[in-house]
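Novice: Sending over a structure as structure tokens; questions will come in a sec.
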Amino acid sequence: MKYDFKEIEPKWQKYWDEHESFKAETGSSKPKFYALVEFPYPSGAGMHVGHIKAYSGLEVVSRKRRLEGYNVLFPIGFDAYGLPTENTAIKTGVHPRVVTDRNIHKFTSQLRKVGFSFDWSRVVDTTDEGYYKWTQWIFLKMFENGLVFRDRTLVNYCPSCKVVLSNEDSQGGKCDVCHSDIIQKEKEVWYLHITQYADKLLQGLEKVDFLPNIKLQQENWIGKSTGAFVEFTIKENGEKLKIYTTRPDTLYGVTFMVMAPEHPLIEKYRGSIKNIDELDAYKDECAKKSEFERTQLVKDKTGVKIDGFTAINPVNDTEIPIYVSDYVMMGYGTGAIMAVPAHDTRDYEFATKFGIPIIEVIKGGDISKEAYTGDGEMVNSGELNGITNKKDAIAKVLTVLEKKGVGEAGVQYKMKDWAFNRQRYWGEPIPIVHCPKCGMVPVPYEELPLRLPPVENFQPGSDGESPLAKIDSFVNCKCPKCGGDAKRETDTMPQWAGSSWYFLRYCDPNNDTALASQEALKYWLPVDWYNGGMEHVTRHLIYSRFWHRFLYDIGAVPVDEPYAKRTAQGLILGPDGVKMSKSRGNVVDPNDVVDEYGADVLRVYVLFMGDYEQAAPWSESSLKGCKRFLERIWALQDIMTDDEGYSKELSASMHRTIKKVSADIEQLKFNTAIAAMMTLLNQISDKGSITKGEMKSLLTMLNPFAPHITEEMYNTLFGGILSEQSWVTYDEALCVEETIEIVVQINGKVRAKMNIAADADQDTMIAAALENETVKPLLDGKTIVKKIAVPKKLVNIVVK
RNA sequence: GCGGGUGUGGCGGAAUUGGCAGACGCGUCGGAUUUAGGUUCCGAUGGGCUUCCCGUGCAGGUUCAAGUCCUGUCACCCGCACCA
């Protein structure tokens, strides 16, 4: 009988569906397990094999947990707002709602064909009214709590998509959606005050079980630095110029200061700056610089001295010049720095180029050659002289600054506030009304959801205005507070809004009176295990931790950190070893694989192809190897005996394999788990028969990986449903054979192998080795210097 | 520049954490079945001057024993980046 996956796979998918085999039950007395995978963006291209790999990991864990008696929540949904759908709509004239529904339908059928054990009754769609009502609700709560503000600043702007992007969405100076170069543009936009949560996000990392590199990337992204704020007085106008530094200990070495070209004090005193024209020209030049020029040509410092500003160093009253240079950013610290060329590489380059004096205040380097950034004895530094350690010097100078009232300790973060808006149609409308009398007024909670109005033209305005701005019936409204004429906000929320809380909705997806009931949240939270891509570590994962933490602070959720554990899968590369992309033409469509080889083969292959957490290239021939494996499993039916337990020969192997597979699944080591089952299969084949007991255990172990074939075999051979049985157990004591092969080495080189009782002690092992027929002659005429025995492993005889 | 990671056969990758390097799979070679191809099955497969020697990017070191530990060094990949 041949293994016909085309008949078997749909049969069991239908069975699981009709019997709701994987339905999670809120409140069940069984222990709960919440496994979360990143829900897909339903693009027109359909599923990618990367999705299959990303979901297969926790799919295996979830199926194992159910067999272990857990009440498992393993949900799926769709993150469906976003630009690609809207761009398709613009191109084809089909409404984004229709495009989205079509894509979701396609994804759903593809996911079902792979046989994932999702709880299909909890599917979430971020563009659904019942869902985005609560996205807007959370936004209003944030507004109420002062975490939402508008600001006119330089923003990241994508000229191609015509939208403002957050810092997280323009990493590397490229637009996250279309990869165009982003430009800096001055614009008034919405912000979420995520920096207010920087410390909490940092502290939260301490108690969660995230992969170390994930924690590290988040820490670096948040980028906390401790230092000091110091005020320098500008002699000409008495204004205080505030700077941030991590090295207040080098304050005596300041020989100039630098302000960012956009620093407001320049604007304020433009009348009294003699070379203001030159500064304006420089500012324009900087704004035009491309990302390449800003990052690649860093060594070449440019700048202009401000003619009309002189700063006074607060510790020694020295007069120092002030420059403008684009190596100082308006977006970090205070937009101005004290420059200590002797002990900072960038300041050194600038000083050298502009002929500014360099004063050494820390001994240890050669400042005629380069900046010295190490530790050492303080010199030329007044009361700091003689101090040899940075920490002490900083502590001392801080007390001096505080006494004079010109400085204090402070912290800074690299992370910036979250630019929270898109000037596009396909997103959640921001529920705010602009009233000429009352200002920004939130839409009342009872009026949520604030629905997206129907539009005919989705094309964004050329000046970066949302298509919603053209809909008079949407824009013109009454102020909820005073009832007067007012205008609605026309920006929509960015793509990351809906995904920032979807895992909460899964707990209670149809709730109409709250984002989820407290009962459901208390039962399911936190997510026990979250797996996803590394590319989301500094975006979605930070954003959702922020939203969740906020919801915790207002009492809407019962736990402070949403994810107890986070892992990440590696990419699947194209057969050519390069990242899959349409333009390269090396994309593998999972649908084709399912049609030709079946879902089980695909599932086993994506987990067997390599280390789950590493990238690995797709290989059609390796895929065939997995097909052979399953066909050989299928063929075991022909050699099954009537014996119930384990056969004597295979007993230890059975126990060992169960132990290994059980442990490997928990560590995402699916490749070695499958390899262990292949080894077992080889042993069974060599032996020529399999007992009923062995068959049951093997099918159970394999079930999470290849559920269809194992379900079918179990059902045919034993009756009953395998996914309703229990996970297999092993006995540690039975994992080892009675006699095992050990190695005899002479001077560290393997010279013989021998069988010995597994529990032989060291003396017995050595005695046996010395009597070994291969070993004996090799020892003739030699003096034995040392004898080492490692139980169950080897004997090493050192001779001279 | 800073931070993290990886270097093992022709390929993807194993190695119980110091104890037989190369599990498992792919590929390749040989054989059987087949008119042939494919499939399936059996055997071999790190390299060499093959009683023995050499092999985990490279050079040293520690140890009875090193892919694993230490020192130095090279290459590649990822993330951040004039962060004061």
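The values are calculated or read from the model by the stated rules, or taken from the named source; none is laboratory data. All values reported here derive from a predicted model rather than from experimental measurement. Here Cβ is always computed from backbone atoms with ideal geometry, including for glycine, and neighbour counts include all displayed protein chains. Each accessible area value is taken on the protein alone, full model and side chains, heavy atoms only, with ligands, DNA and RNA left out. Shrake-Rupley method; radii C 1.70, N 1.55, O 1.52, S 1.80 Å.
Novice: Within the group A:Phe420, A:Phe458, A:Phe474, which residue is under 27 Å from A:Ile90 (Cα atoms) and either out of contact with any Leu (no Cβ under 7 Å at 6 or more places or on another chain) or open to solvent by 50 Å² or more (accessible area, probe 1.4 Å) (or both)?
Specialist: Answer to the selection: A:Phe458.
Novice: Run A:Asp759 past the list (1) under 50 Å from the mean Cα position of the chain (by Cα); (2) open to solvent by 40 Å² or more (accessible area, probe 1.4 Å); (3) within 13 Å of RNA strand B (Cβ to nearest atom) and report the number of the one that doesn't hold.
Specialist: Every listed condition holds for A:Asp759 apart from (3).
Novice: Sort out which residues of the range A:188-209 are open to solvent by less than 40 Å² (accessible area, probe 1.4 Å) and away from RNA strand B (no atom under 13 Å from the Cβ), and write them in order of number.
Specialist: A:Val189, A:Trp190, A:Tyr191, A:Leu192, A:Ile194, A:Tyr197, A:Leu201, A:Leu202, A:Gly204, A:Leu205, A:Val208
Novice: Is it the case, given these coordinates, that A:Leu717 is within 49 Å of the chain's Cα centre (by Cα) and either open to solvent by 20 Å² or more (accessible area, probe 1.4 Å) or polar (S, T, N, Q) (or both)?
Specialist: yes
Novice: Among what's in the range A:607-660 and is aromatic (Phe, Trp, Tyr) and open to solvent by less than 50 Å² (accessible area, probe 1.4 Å), pick the residue that is farthest from A:Glu738 (Cα to Cα).
Specialist: Applying the filter and picking the extreme gives A:Trp618.
Novice: While we're looking at this one, here's another question. If you check A:Lys289, A:Lys242, which single one turns out to be open to solvent by 50 Å² or more (accessible area, probe 1.4 Å), more than 30 Å from A:Lys174 (Cα to Cα) and within 14 Å of RNA strand B (Cβ to nearest atom)?
Specialist: A:Lys242
Novice: Counting only residues that are out of contact with any helix residue (DSSP H, G or I) (no Cβ under 9 Å at 6 or more places or on another chain) and open to solvent by 40 Å² or more (accessible area, probe 1.4 Å), which one in the range A:150-166 is modelled with the highest pLDDT?
Specialist: Going through the qualifying residues, I end up with A:Arg150.
Novice: Exactly one condition in (1) open to solvent by 20 Å² or more (accessible area, probe 1.4 Å); (2) part of a loop (DSSP other than H, G, I, E, B); (3) over 19 Å from A:Arg422 (Cβ atoms); (4) touching a Gly at 6+ places or on another chain (Cβ under 9 Å) is not met by A:Gln495; state its number.
Specialist: Unmet condition: (3).
Novice: Something else now. Mind checking which residues of the range A:117-135 are in contact with a helix residue (DSSP H, G or I) (Cβ under 9 Å, 6 or more places away or on another chain) and not basic (Lys, Arg)?
Specialist: A:Ser117, A:Phe118, A:Trp120, A:Val123, A:Val124, A:Asp125, A:Thr126, A:Thr127, A:Tyr131, A:Tyr132, A:Trp134, A:Thr135
Novice: Also, quick follow-up: List pairs: first in the range A:770-789 and in a strand (DSSP E or B), second within 14 Å of RNA strand B (Cβ to nearest atom) and open to solvent by 80 Å² or more (accessible area, probe 1.4 Å), Cβ under 7 Å, 6+ apart or cross-chain?
Specialist: A:Val785/A:Lys800; A:Ala789/A:Gln762
Novice: A further question on this structure: Could you please let me know if A:Ser109 is open to solvent by 50 Å² or more (accessible area, probe 1.4 Å), free of Cβ contacts under 8 Å to residues at least 40 places away in the same chain and assigned to a loop (DSSP other than H, G, I, E, B)?
Specialist: no
Novice: Name the one entry in A:Leu401, A:Leu384 that is modelled with pLDDT of 90 or more, in contact with a Gly (Cβ under 7 Å, 6 or more places away or on another chain), buried (at least 19 other Cβ atoms within 10 Å of the Cβ) and over 30 Å from A:Arg150 (Cα atoms).
Specialist: Just a single option satisfies the conditions, and that option is A:Leu401.
Novice: Are any residues in the range A:299-329 more than 7 Å from RNA strand B (Cβ to nearest atom) and out of contact with any Phe, Trp or Tyr (no Cβ under 9 Å at 6 or more places or on another chain), and if so, which ones?
Specialist: A:Lys299, A:Asp300, A:Asp307, A:Thr310, A:Asp317, A:Glu319
Novice: Another question about this same structure. Output the residue which, of all residues in the range A:665-676 that are more than 8 Å from RNA strand B (Cβ to nearest atom) and part of a helix (DSSP H, G or I), is nearest to A:Gln569 (Cα to Cα).
Specialist: If we take residues in the range A:665-676 being more than 8 Å from RNA strand B (Cβ to nearest atom) and part of a helix (DSSP H, G or I), then A:Phe670 is nearest to A:Gln569 (Cα to Cα).
Novice: Going by the conditions given, is A:Leu541 within 16 Å of RNA strand B (Cβ to nearest atom), open to solvent by 10 Å² or more (accessible area, probe 1.4 Å), among the hydrophobic types (A, V, I, L, M, F, W, C) and in contact with a Phe, Trp or Tyr (Cβ under 9 Å, 6 or more places away or on another chain)?
Specialist: Taking the combined requirement at face value, the residue does not satisfy it.
Novice: Output the number of residues of the range A:280-293 satisfying the condition of being closer than 22 Å to A:Thr345 by Cβ and modelled with pLDDT of 90 or more.
Specialist: Number satisfying all stated conditions: 0.
Novice: Here's another thing I want to ask about it. Among the listed residues A:Glu732, A:Glu737, which satisfies the condition of being open to solvent by 80 Å² or more (accessible area, probe 1.4 Å) and either within 10 Å of RNA strand B (Cβ to nearest atom) or in contact (Cβ under 8 Å) with a residue 60 or more places away in the chain (or both)?
Specialist: Criteria check complete, one pass: A:Glu732.
Novice: Please specify each residue of the range A:685-701 satisfying the condition of being within 13 Å of RNA strand B (Cβ to nearest atom) and in contact with a Ser or Thr (Cβ under 9 Å, 6 or more places away or on another chain).
Specialist: The one that is within 13 Å of RNA strand B (Cβ to nearest atom) and in contact with a Ser or Thr (Cβ under 9 Å, 6 or more places away or on another chain): A:Lys687.
Novice: Hey, among the residues in the range A:294-345 that are open to solvent by 30 Å² or more (accessible area, probe 1.4 Å) and part of a helix (DSSP H, G or I), which one's modelled with the highest pLDDT?
Specialist: Result: A:Thr345.
Novice: Of A:Lys91, A:Lys14, which residue is out of contact with any Pro (no Cβ under 7 Å at 6 or more places or on another chain), more than 17 Å from A:Ala706 (Cα to Cα) and open to solvent by 10 Å² or more (accessible area, probe 1.4 Å)?
Specialist: So the residue among A:Lys91, A:Lys14 that is out of contact with any Pro (no Cβ under 7 Å at 6 or more places or on another chain), more than 17 Å from A:Ala706 (Cα to Cα) and open to solvent by 10 Å² or more (accessible area, probe 1.4 Å) is A:Lys91.
Novice: If I filter the range A:214-236 down to residues being under 12 Å from the mean Cα position of the chain (by Cα) and in contact (Cβ under 8 Å) with a residue 60 or more places away in the chain, which single residue comes out as nearest to A:Tyr269 (Cα to Cα)?
Specialist: Within the range A:214-236, the match that is nearest to A:Tyr269 (Cα to Cα) is A:Trp221.
Novice: Checking the conditions here, which among A:Ala469, A:Ala409 is on the phi < 0 side of the Ramachandran plot and within 16 Å of RNA strand B (Cβ to nearest atom)?
Specialist: A:Ala409
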